[in-house]
Amino acid sequence: MKTDFDATRRAFDLPEGMIYLDGNSLGPLPTAVRERLARTVSEEWGEMLIGGWNRAGWMGLPRRVGDRIAGLIGAEPGTVVVGDTLSIKVYQALASALEMNPSRKVILSDTGNFPSDLYIAGGLARTLGPDYELRLAEPGDLAAALDETVAVLLVTEVDYRTGYRHDMAALTERAHALGILTIWDLAHSAGALPVKLAACKADFAVGCTYKYLNSGPGGPAFIYVAPRHIDHARPALSGWMGHESPFAFDLDYRPGRGIERMRVGTPPILQLAALDAALDVWDGVDIEDVRARSLELGDLFVSEVEAGCPELVLATPRAHGDRGSQISFRHPEGYAIMQALIDEGVVGDFRAPDILRFGFTPLYVGLDDVRRAAQILVGIMAGRRWDKAAYRRPAGAVVT
């Protein structure tokens, strides 16, 4: 293994004594980000003011950072741009793909997809008119649900609740054989496992950066468009930054060249600076090593928890090829159990209705962390330490 995980762990600022297994929801702070943000604020914004757009290279950040992400998701150079939110990028990809397949009106997705993706797809279908439809299949039935009525297949590669991993290569090949375009949401893939967009011939991909890429809360999203599509994929959100000449202030929109056309509004420079610095952690890291260690950590956790907590039911596939970089267990009192864990220094998260979710990020999580987390969970279950009024889920509580 070429990657030095002791070195990558030192690159993060983690609270003393905490075992952080929630990087699949929000990654921790890379130490380099604090310095980078301070420099961006004081030396660039503070001293250069508006001149920072040119002197500090702000204008080119979305594309430059996009190329860095491209290397982590198996994408060709010049095919990824960063900015806006993931919901906006989903909308962009869907609208472009539907326009490229005009004789068909069906968006196919699955019941395990992240709700926001489905909201966006359903809302776009309603906007386009009664002929358009969002159709859902069970996660394991997507291949069978593909047919010649489907225009676009929209899939989150790794299920946010269970960690089930769809087969990108097989589903994309099957979709293309039927004349269907594919959009892959990489929110739980980018930085967690090897992604091979170019090799799989994916048409579009989107993803967020605040999970495994550690860009911080609200970090910007990215969009990928395959080279074969980029010069004729028309952006429905035709923002000024996607214009061929944004500072000509032309009243008629002309899409920019290549992936630049998928830019929308003014780039969030502080967030992009944080992401750029966070990506430095990946210098010298092999994503194949990350995947191998992640599977090792997950296997250890499953073994330890199942040996000591028979009442917890594994929700994540056991087969390595069928899962992402998280392990989920089911229990009717999952919310209370997770609150007890957090109180004892093990931070995972809960997903309704009954899922305890744990993310395994080798950049800062080690084997000793996993053993200790499992030991604490076993103790909580054995002593019913979760069974307290303070840990019960309040009615109507918002779980983020």
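The values are calculated or read from the model by the stated rules, or taken from the named source; none is laboratory data. Nothing here was measured: the structure is a model prediction, and the numbers come from that model. Here the Cβ positions follow ideal geometry from the backbone for every residue, glycine too, while neighbour counts run over all protein chains shown. In case anyone asks, the SASA skips ligands and DNA or RNA and just uses the protein heavy atoms, side chains included. Shrake-Rupley method; radii C 1.70, N 1.55, O 1.52, S 1.80 Å.
Points to keep in mind about this one:
- Members of the range 214-268 that are more than 28 Å from GLY27 (Cα to Cα) and among the hydroxyl-bearing types (Ser, Thr, Tyr): SER238, SER245, TYR253
- Residue count, the range 41-52 (criterion: buried (at least 17 other Cβ atoms within 10 Å of the Cβ) and of a type outside the set (Asp, Glu)): 2
- For the range 14-26, a residue qualifies if it is of a type in the set (Asp, Glu) and either surrounded by 18 or more Cβ atoms within 10 Å (Cβ to Cβ) or in contact with a Pro (Cβ under 7 Å, 6 or more places away or on another chain) (or both), and exactly one does: ASP22.
- In the range 27-40, of all residues being open to solvent by less than 60 Å² (accessible area, probe 1.4 Å) and touching a residue at least 60 places away in the same chain (Cβ under 8 Å), the one that is nearest to TYR210 (Cα to Cα) corresponds to GLY27.
- Residue that is nearest to LEU356 (Cα to Cα) [pool: residues in the range 377-390 that are in contact (Cβ under 8 Å) with a residue 40 or more places away in the chain and assigned to a helix (DSSP H, G or I)]: LEU377
- Unique residue being under 17 Å from ASP387 (Cα atoms), touching a strand residue (DSSP E or B) at 6+ places or on another chain (Cβ under 6 Å) and among the charged types (D, E, K, R) when the list is ASP322, ASP354, ASP369: ASP354
- Cβ pairs under 7 Å, 6+ apart, first in the range 168-190 and touching a residue at least 24 places away in the same chain (Cβ under 8 Å) and part of a helix (DSSP H, G or I), second open to solvent by 10 Å² or more (accessible area, probe 1.4 Å) and basic (Lys, Arg): THR172/LYS201; HIS176/LYS201
- So TYR224, is it in a strand (DSSP E or B) and of a type outside the set (Val, Ile, Thr): yes
- Selection status of LEU363, modelled with pLDDT of 95 or more, in a loop (DSSP other than H, G, I, E, B) and under 28 Å from ARG10 (Cα atoms): yes
- Number of positions in the range 171-222 that are open to solvent by less than 30 Å² (accessible area, probe 1.4 Å) and charged (D, E, K, R): 3
- Of the residues making up the range 250-286, those that are open to solvent by less than 50 Å² (accessible area, probe 1.4 Å) and acidic (Asp, Glu) are GLU260, ASP276, ASP286.
- Any hit, the range 121-139, residues being farther than 14 Å from PHE222 by Cβ, part of a helix (DSSP H, G or I) and hydroxyl-bearing (Ser, Thr, Tyr): yes
- Selection of the range 318-355 for residues being assigned to a helix (DSSP H, G or I) and either under 16 Å from ARG291 (Cβ atoms) or open to solvent by less than 10 Å² (accessible area, probe 1.4 Å) (or both) yields HIS320, GLY321, ASP322, GLY334, ALA336, ILE337, MET338, ALA340, LEU341.
- Pairs where the first residue, in the range 287-316, is farther than 27 Å from PHE5 by Cα and open to solvent by 20 Å² or more (accessible area, probe 1.4 Å) and the second is in a helix (DSSP H, G or I) and not aliphatic (A, V, I, L, M), C-beta under 9 Å, 6+ apart: GLY308/GLN375; GLY308/GLY379; LEU314/GLU306
- When ARG393 is tested against the conditions (1) over 21 Å from SER25 (Cβ atoms); (2) outside any helix (DSSP H, G or I); (3) more than 24 Å from the chain's Cα centre (by Cα); (4) among the charged types (D, E, K, R), the lone failure is (1).
- Of the residues making up the range 223-235, those that are within 17 Å of the chain's Cα centre (by Cα) and either among the β-branched types (Val, Ile, Thr) or open to solvent by 10 Å² or more (accessible area, probe 1.4 Å) (or both) are ILE223, VAL225.
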